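A.B. asks: Here's a structure for you.
The values are calculated or read from the model by the stated rules, or taken from the named source; none is laboratory data. Remember, predicted model here, so these are calculated numbers, not experimental data. Here Cβ is always computed from backbone atoms with ideal geometry, including for glycine, and neighbour counts include all displayed protein chains.
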Amino acid sequence: MGRERATALLVDLDGVLRRWDPAVAAGVERAYGLSAGVLGEIAMQWGRLQPVLTGRVSHAEWMASVADALTPSLGDPDRARAAVQEWQHYRGEVDPDVLAFVREARAGGIKVGLGTNGTDLLDADLAALGLVGELDVVVNSSAVGVHKPAKEYFQIACAALETAPSRVLFVDDEDRAVSGARTAGLSAYRWSGPDGLRYLRAALAY
């Protein structure tokens, strides 16, 4: 017996609905004499990242810790803070193909949620990106206190969508999140680019 057809969609933000130009970080690193990729490497260290994703520290505190970690390399805390501030000024870009898909799905009667491991800056980011009002619900890990790929995260997301897990289709670009969603009973699709939209449209059949 096949799965029930999905009536709700849960979409990841970073890497799916929002994309980042790596040239921005690379430009900041060159300008400050930093090694390539160091900003992301420091920021994404799990011991530093996990607390901000669960709301235990703020985005500002997270970035302050990145600046502190950079200070020995730059020899000047003010210069380290300036580098991080310049890097963080860029907030990414909306993928127009994915946004068009979200709009189509909603117009077709599909409830659409944003499911993201985010920080307390998420609402401001959504406003800056012009995404306010484009989604039915937003499930931000830092607001709910648990992050993907935990089963509890997906349970919270399905409750927010008021839809049983078996009727929710989740889209993410990370294998661990996709596996976590499937463990929680959702259908899940591993995003690798706009070529996947044809499959998603067929799966939802809106």
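A.B. asks: Working only within the stretch 183-193, note down all residues that are closer than 20 Å to Asp14 by Cβ and either of a type in the set (Lys, Arg) or in a helix (DSSP H, G or I) (or both).
C.D. replies: Arg190
A quick yes/no check of all residues on (1) in the same structural domain as Pro149 (by TED's automatic domain parsing); (2) of a type outside the set (D, E, K, R); (3) in contact with a strand residue (DSSP E or B) (Cβ under 6 Å, 6 or more places away or on another chain):
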| position | (1), (2), (3) |
| --- | --- |
| Gly75 | no, yes, no |
| Ala83 | no, yes, no |
| Asp97 | yes, no, no |
| Val102 | yes, yes, yes |
| Ala105 | yes, yes, yes |
| Gly109 | yes, yes, no |
| Val112 | yes, yes, yes |
| Gly115 | yes, yes, yes |
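A.B. asks: Separate question: How many residues does the stretch 94-105 hold that are farther than 18 Å from Ala8 by Cβ and either of a type in the set (A, V, I, L, M) or under 12 Å from the mean Cα position of the chain (by Cα) (or both)? Outline the logic, then answer.
C.D. replies: Initial filter on the stretch 94-105 (farther than 18 Å from Ala8 by Cβ): 94-97, 100.
Then drop every residue that is not either of a type in the set (A, V, I, L, M) or under 12 Å from the mean Cα position of the chain (by Cα) (or both), which leaves 94, 100.
Qualifying residue count for the region: 2.
A.B. asks: Please list, ordered by first then second residue, the pairs with beta carbon atoms under 8 Å, 6 or more apart or interchain, first in the stretch 29-48 and without any contact (Cβ under 8 Å) to a residue 24 or more places away in the chain and basic (Lys, Arg), second part of a helix (DSSP H, G or I) and surrounded by 15 or more Cβ atoms within 10 Å (Cβ to Cβ).
C.D. replies: Arg48/Ile42; Arg48/Trp62; Arg48/Ser65; Arg48/Val66; Arg48/Ala69
A.B. asks: A further question on this structure: State all residues of the stretch 177-201 that are in contact (Cβ under 8 Å) with a residue 24 or more places away in the chain and either of a type in the set (Ser, Thr, Tyr) or exposed (fewer than 15 other Cβ atoms within 10 Å of the Cβ) (or both); if no residue qualifies, say none.
C.D. replies: Selection gives Ser179, Thr183, Ser187, Pro194, Arg201.
A.B. asks: Out of the stretch 123-147, which residues are closer than 11 Å to Leu13 by Cβ and either touching a residue at least 24 places away in the same chain (Cβ under 8 Å) or out of contact with any strand residue (DSSP E or B) (no Cβ under 8 Å at 6 or more places or on another chain) (or both)?
C.D. replies: Asp125, Leu129, Leu131, Leu135, Val138, Val139, Asn140, Ser141
A.B. asks: Any idea how many residues of the stretch 64-93 are within 18 Å of Leu13 (Cβ to Cβ) and in contact with a helix residue (DSSP H, G or I) (Cβ under 7 Å, 6 or more places away or on another chain)?
C.D. replies: 3
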